[in-house]
Each structure stands twice: as structure tokens, then as C-alpha cells.
Amino acid sequence: MQASLSLPTLSPTIPRSNYVVQSTLPLAPSKPINLRFCGLRREAFGFSSLGQSDSHRFRLAVASRSKKVSTALSDNGSPPKSFDYDLLIIGAGVGGHGAALHAVEKGLKTAIVEGDVVGGTCVNRGCVPSKALLAVSGRMRELQNEHHLKALGLQVSAAGYDRQGVADHANNLASKIRSSLTNSMKSLGVDILTGFGTILGPQKVKVGASDKVVTAKNIIIATGSVPFVPKGIEVDGKTVITSDHALKLESVPDWIAIVGSGYIGLEFSDVYTALGSEVTFIEALDQLMPGFDPEIGKLAQRVLINPRRIDYQTGVFASKITPAKDGKPVIIELIDAKTKEPRDTLEVDAALIATGRAPFTHGLGLENIDVATQRGFIPVDERMRVIDANGKLVPHLFCIGDANGKMMLAHAASAQGISVVEQVTGRDHVLNHLSIPAACFTHPEISMVGLTEPQAREMAEKEGFEVSVAKTSFKANTKALAENEGEGLAKLIYRPDNGEILGVHIFGLHAADLIHEASNAIALGTRIQDLKLAVHAHPTLSEVLDELFKSAKVKEHVSSPQAVAV
Ligand SMILES: Cc1cc2nc3c(=O)[nH]c(=O)nc-3n(C[C@H](O)[C@H](O)[C@H](O)COP(=O)(O)OP(=O)(O)OC[C@H]3O[C@@H](n4cnc5c(N)ncnc54)[C@H](O)[C@@H]3O)c2cc1C
């Protein structure tokens with residue numbers, strides 16, 4: 001049986017690549033437990049990850065630093081009496097970087113330990129290179145859209161691209177941002193310690209393979225995450241790949257299956273289809289894009305999936321994926337997600353595994369401080385304080401970013417780091433995660449903050465309040481129409497009794513930039529009745545939100561609270 005096709009112009013009976021879809025064979029259901037630690041390179045476990053000269057400099061720096069650094073390993077159990085640093089951060093991704101910069105601003109003597117390259121997932125294998133690829137895919141899409149160009153009165157001869165040139169753009173951007181992150185920390189006096197960090201006991205961390213120990217009054221774990229690869233899937237890095245490999249753009253397959261339709265899978269579908277691939281989504285849940293507000297998800301499917309060279313199978317698990325070898329294609333065996341019965345076998349050119357991220361907490365020495373992870377994530381309270389196996393807070397130990405699993409986004413990691421620094425410098429601070437926006441950088445973009453409509457309605461029922469919804473279309477926005485980009489919707493979910501914003505969801509041109517008016521309003525506790533009075537420049541896309549807030553029906557008598565802690 002062939003994969004169901006959502007695209008009417010593609011006949012289900014016509015093979016869509018060099019390879020055909022075949023009926024399936026029975027297979028045992030997989031348990032999604034097998035984690036592969038693709039994020040950290042092999043050198044990450046030693047001392048030499050930044051190249052020889054860097055690692056040499058690092059050794060010298062550590063050796064010449066205070067003698068306290070060479071605390072004996074035998075002294076692990078008891079907390080040290082004096083400290084090398086006020087704050088030590090394990091992991092120099094965006095979370096660690098955000099915390100480090102805020103810490104030095106607050107006057108803390110700060111060090112950051114990195115086992116691989118500075119910048120972590122976001123800079124090297126995530127947000128940054130993926131947005132470089134998406135910048136290319138956006139332009140390619142526009143240049144290939146004859147109808148769109150004609151409406152603007154433009155004529156362009158056939159658009160083309162140089163794969164290596166596109167790959168270089170992504171790689172160069174990552175290098176550039178990595179350098180600026182490193183320089184920003186160095187110039188502000190953050191000590192960058194190269195080596196894998198292992199917690200030996202309270203306030204003590206071993207750095208690298210030697211016996212050297214660094215002590216710190218407070219420690220932040222910011223060790224991030226790596227691609228999660230379910231059991232039964234064999235990644236060869238060439239034909240069966242994760243986002244780590246895909247971002248290098250070593251090939252543009254004719255037909256690629258993307259396993260998982262979350263934001264990472266969706267962004268890659270935008271890139272691959274713009275560059276000429278056909279895509280088949282394999283999604284375990286019954287609908288694509290399960291994380292989005294259902295109404296926005298439906299619209300996104302109508303615009304981002306249906307008219308493109310994308311088909312999909314939902315309610316199925318990829319129970320076994322075998323890389324291409326000896327002229328044979330990649331073979332994907334599918335089982336029904338509920339019954340576990342065999343459903344299909346696909347033969348494709350490549351498969352991208354976008355089934356989520358696994359926390360990277362392996363080898364961190366958590367057993368030395370009696371912390372048990374939950375599916376690999378480090379348990380924390382609302383202040384990012386680490387909770388031990390007995391449910392007690394571990395003094396002076398925090399965990400931020402992907403490693404705690406609260407909200408696996410770059411800016412969330414950084415915000416959590418800043419929040420921790422506020423606390424250790426004497427200001428109590430609880431980050432409101434419902435005010436943190438998220439975005440998917442497809443063309444057009446999707447963004448959101450707060451609750452989806454079903455979540456808001458569930459909460460309203462439990463807590464006994466009313467929920468209202470307002471919507472505006474990009475079709476009524478002058479700037480969007482001038483750009484010939486009227487396809488879009490903004491949706492506001494709110495409390496009509498007091499004007500509180502519960503959630504905002506946007507699908508349309510520059511949605512990722514537009515969401516911040518709503519997220520800042522939630523963070524600052526600004527009510528809709530006050531937002532209605534805000535002035536927006538004309539003609540701008542920001543008027544989409546202006547219209548949205550103005551169309552909300554809030555009871556007049558309710559006044560905005562004066563100040564609400566963020
Ligand atoms: C393809 C893709 C696209 C993405 N796009 C976006 C986006 O557009 N926007 C967004 O907000 N988020 C995006 N993300 C998610 C974002 O990259 C992560 O949420 C973010 O990087 C998490 O930051 P972090 O600091 O917690 O961890 P990481 O960035 O993973 O950094 C952790 C660092 O810790 C180091 N480390 C681990 N263990 C140790 C140890 N024991 N000792 C020393 N060092 C250690 C690692 O080498 C790594 O450098 C994307 C992710 C992917 C995969």
C-alpha cells in the first residue's frame with residue numbers, strides 16, 4: 001500500500017521517486033528509549049575539543065589559577081570552605097551563555113565549562129544554521145512562485161541554487177555567531193574552561209579528564225540536549241539522518257521521509273521542498289503538527305503542507321528504519337501507533353529523524369549528589385533549583401535549558417539562566433513560562449504564546465471563568481497586502497471578565513516577530529483594555545495585533561493591575 005497523498009496533483013499510483021512504496025512485514029513494536037548522544041563529539045569527553053592551541057591555553061590558565069583549583073578528589077563529600085568562583089556553569093550553550101553574561105553584569109566571578117564547542121545546539125546544530133537554510137528556502141520559494149511574482153509585476157527567469165553555497169551560508173553563520181558568543185564571554189571576564197564537567201559533590205566540579213577540581217558557590221547545569229532517536233532506527237548520518245546531519249546539507253534527496261511533524265520536522269520540510277525534494281511526513285499522533293493550536297494547525301496544513309510536494313501518514317510509528325546500502329533504498333517499516341499492527345513499508349531516498357530531543361545529562365555525576373533524572377531530565381522546581389531523589393532541594397545547584405525539559409527553546413534556556421542569577425544575587429524571581437513565545441520559521445511563520453484554545457477552555461472549566469476568542473486576518477492588513485502575503489490569521493484567547501490574555505497564536509508573514517507584543521504584555525501583566533489604547537505605525541504588520549486587541553470584547557469597568565512581577 002502506498003502512503004496517502006494529500007496533494008491532488010500527485011496520483012497515489014505513481015511512484016514519487018526512484019523508489020517505490022511496498023507492502024509491509026510484521027515487526028515488533030519499538031520502545032522509544034534508545035538515546036544516541038550525537039550532540040557531543042568524541043573529544044568532548046577529554047580535554048582537547050577546541051583544538052590544540054586552545055586546549056594548551058586552557059591547561060596553562062587552569063594551572064596558573066589559584067591553588068584552590070587543585071582541590072583533592074578524595075575530599076569530595078563535604079562542601080568546600082572557600083570557592084574558586086561565585087558561579088560555575090556547566091555547558092556553554094545559549095542557556096549557559098545567557099546566565100554567564102548576566103552573572104558578570106551582577107559582579108559574580110564566573111566560569112563556564114564546555115565539553116565541545118561554545119554555542120551548544122542552538123548556535124552549532126539548531127536555531128542558527130536552520131534559520132540560515134530557511135532564509136534560503138524562503139527566497140527560493142518566492143522566486144519559484146510565478147503567480148506571486150506576477151501579482152507584483154515581477155519577471156524572474158528560473159531560480160536555482162548551489163547546494164554547497166547554501167550549506168556554506170549555514171556553516172559560516174554558525175561560525176560567526178559562535179565567535180561572537182565566545183568573544184562576548186571572554187571580553188566580560190568569564191573564564192571558559194574546556195573539558196567535560198562532572199559533579200563530584202556539593203559545589204565541586206571536575207573539568208576534563210584530569211584530576212583538577214573547580215569549586216563554586218553556586219553551580220548551574222546547562223548541558224542541553226541531543227536528537228532523540230527511537231529504538232529500531234539506524235542512523236548512518238548519510239541516508240538516515242538527524243537534524244545534526246541535515247543542517248550540513250550534504251545532499252538534497254529526491255524523496256525524504258521526515259519522521260515527526262513537530263516544529264523541527266516542519267521547518268526542514270520547508271527547506272527540502274523549496275530545494276526540490278518531495279517529503280513524506282510520518283507522524284505517530286492522529287494529526288500533523290500536534291503541538292499547535294488546532295485552528296492554526298489546520299490553516300498551517302492548508303498552506304504549508306497541502307499545496308506542496310508533501311504527503312503524510314498519521315497514526316503510525318516508524319518501528320524500523322534501515323539506511324540505504326549497496327544500491328538499496330532507505331527502508332521504513334511502519335506500524336499502527338495504537339494497535340502496533342504492521343501498516344506499511346516505505347522505500348525512500350533518505351529519512352530525517354525529527355522525533356524530539358533527549359536531555360544530555362549522561363556522565364554528569366548526578367549520582368554523586370543523589371539526583372535521579374526523570375527520563376534523563378533533571379528535576380527542578382519553579383526556580384530551577386535541582387530536586388534530589390528524596391524530593392529535597394540540592395543547595396546551590398540549579399539546572400536550566402533543555403536539560404530540565406521545562407521548555408526546550410533557546411530563549412527559554414537563557415531566560416531561566418538569567419532568572420537563576422537574579423536569585424543567587426539576592427532577588428527572588430520566578431519566570432512565567434506562559435509568557436515565553438515560541439515560533440516555527442516556515443514560510444509563512446507560525447508563532448504562539450500562552451495557552452492553546454483547548455488548554456484555555458480546560459483551565460476555564462476547572463477554575464470557573466469564561467473564555468473568549470478574537471481573530472484577525474492578514475487579508476485586512478495593508479502591509480501584508482502590499483507584500484502580496486495576505487494569507488494569515490492572528491488569534492487571541494482571553495478572559496472577557498478582566499481582559500487577561502491567555503494565549504495568542506499567529507500564522508502569517510513575520511509571525512515570529514509579531515508575537516512579542518503579546519508575550520511582553522503577558523509577562524508584564526498588561527490587560528487588553530490597555531493594549532487597545534497603544535498606537536501602532538501605519539502601515540505595518542503590527543497592526544494585525546492592534547486590530548486583534550481592539551476586536552476583543554472586555555467588560556469596560558475592569559482596570560489593569562498596576563504592576564505584576566514578571
Ligand atoms: C534543528 C533545531 C532548530 C532549532 N531552532 C530553534 C529556534 O529557532 N528557536 C529556539 O528557541 N530554539 C530552537 N531550537 C532549540 C534550541 O537549540 C535549544 O532549546 C537550545 O539550544 C537549548 O540550549 P541549552 O543551553 O539548554 O543547551 P545546548 O544548546 O544544547 O548547550 C548545551 C551545551 O552543554 C555542553 N555540555 C553537555 N554536557 C556537558 C558536560 N558535562 N560538561 C561540559 N559541557 C557539556 C554541550 O556540548 C553544549 O555545548 C532548535 C533546535 C534544533 C535541533
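The values are calculated or read from the model by the stated rules, or taken from the named source; none is laboratory data. Quantities reported herein were computed from a predicted structural model and do not represent experimental measurements. Using ideal geometry, Cβ is built from the backbone for each residue, glycine included, and neighbour counts are taken over all protein chains shown. For accessibility, only protein heavy atoms count, side chains too; no ligands or nucleic acids. Shrake-Rupley method; radii C 1.70, N 1.55, O 1.52, S 1.80 Å.
Residues in the stretch 79-95 that are hydrophobic (A, V, I, L, M, F, W, C), open to solvent by less than 30 Å² (accessible area, probe 1.4 Å), within 6 Å of the ligand (Cβ to nearest atom) and over 14 Å from L188 (Cβ atoms): I90 only.
All conditions in (1) more than 12 Å from the ligand (Cβ to nearest atom); (2) in contact (Cβ under 8 Å) with a residue 40 or more places away in the chain hold for K206, with the sole exception of (1).
For the stretch 392-411, give me each residue that is near the ligand (Cβ under 7 Å from one of its atoms), among the hydrophobic types (A, V, I, L, M, F, W, C) and open to solvent by less than 10 Å² (accessible area, probe 1.4 Å). I400, A403 - these are the residues of the stretch 392-411 that are near the ligand (Cβ under 7 Å from one of its atoms), among the hydrophobic types (A, V, I, L, M, F, W, C) and open to solvent by less than 10 Å² (accessible area, probe 1.4 Å). Scanning the stretch 137-153 for residues that are of a type in the set (A, V, I, L, M, F, W, C) and open to solvent by 60 Å² or more (accessible area, probe 1.4 Å) yields L143, A151, L152. Every listed requirement among (1) more than 9 Å from the ligand (Cβ to nearest atom); (2) buried (at least 20 other Cβ atoms within 10 Å of the Cβ) is met by D168 save one, (2).
Scanning the stretch 374-388 for any residue that is surrounded by fewer than 23 Cβ atoms within 10 Å (Cβ to Cβ) and within 14 Å of the ligand (Cβ to nearest atom) turns up at least one such residue.
Residue by residue through the stretch 397-430, note down the ones that are among the polar types (S, T, N, Q) and either touching a strand residue (DSSP E or B) at 6+ places or on another chain (Cβ under 7 Å) or not in a loop (DSSP other than H, G, I, E, B) (or both). Residues satisfying the conditions are N404, S414, Q416, S419, Q423.
Taken over the stretch 192-241, residues that are farther than 26 Å from T182 by Cβ and open to solvent by less than 10 Å² (accessible area, probe 1.4 Å) amount to 4. Kindly establish whether H516 is over 16 Å from S435 (Cβ atoms) and open to solvent by 40 Å² or more (accessible area, probe 1.4 Å). Judged against the criteria, H516 is not a match.
Restricting attention to the stretch 171-183 and to residues that are closer than 12 Å to A92 by Cα and open to solvent by less than 60 Å² (accessible area, probe 1.4 Å), the residue that is farthest from the chain's Cα centre (by Cα) turns out to be T182.
Among the residues making up the stretch 172-203, those that are more than 14 Å from the ligand (Cβ to nearest atom) and closer than 20 Å to L247 by Cα are N172, S175, K176, S179. Taken together, the residues in the stretch 96-117 that are more than 6 Å from the ligand (Cβ to nearest atom), open to solvent by less than 10 Å² (accessible area, probe 1.4 Å) and hydrophobic (A, V, I, L, M, F, W, C) amount to 5. Of the residues G291, G265, G363, the single one that is buried (at least 19 other Cβ atoms within 10 Å of the Cβ), within 16 Å of the ligand (Cβ to nearest atom) and closer than 30 Å to I90 by Cβ is G265.
Note on the stretch 221-252: residues that are farther than 30 Å from M384 by Cβ and in a strand (DSSP E or B) amount to 3.
Here is the figure for the stretch 123-136: residues that are near the ligand (Cβ under 7 Å from one of its atoms), open to solvent by less than 20 Å² (accessible area, probe 1.4 Å) and outside any loop (DSSP other than H, G, I, E, B) total 1. Within the stretch 210-261, the set of residues being within 10 Å of the ligand (Cβ to nearest atom) and either of a type in the set (S, T, N, Q) or at pLDDT below 95 (or both) comprises T223, S225, T242, S243. Residues in the stretch 285-316 that are under 24 Å from P253 (Cα atoms) and assigned to a loop (DSSP other than H, G, I, E, B): L288, M289, N306, P307, R308, R309. Considering only the stretch 393-400, I want to know if a residue exists there that is of a type outside the set (A, V, I, L, M, F, W, C), more than 22 Å from V94 (Cβ to Cβ) and not assigned by the TED database to the domain that holds M448. Yes.
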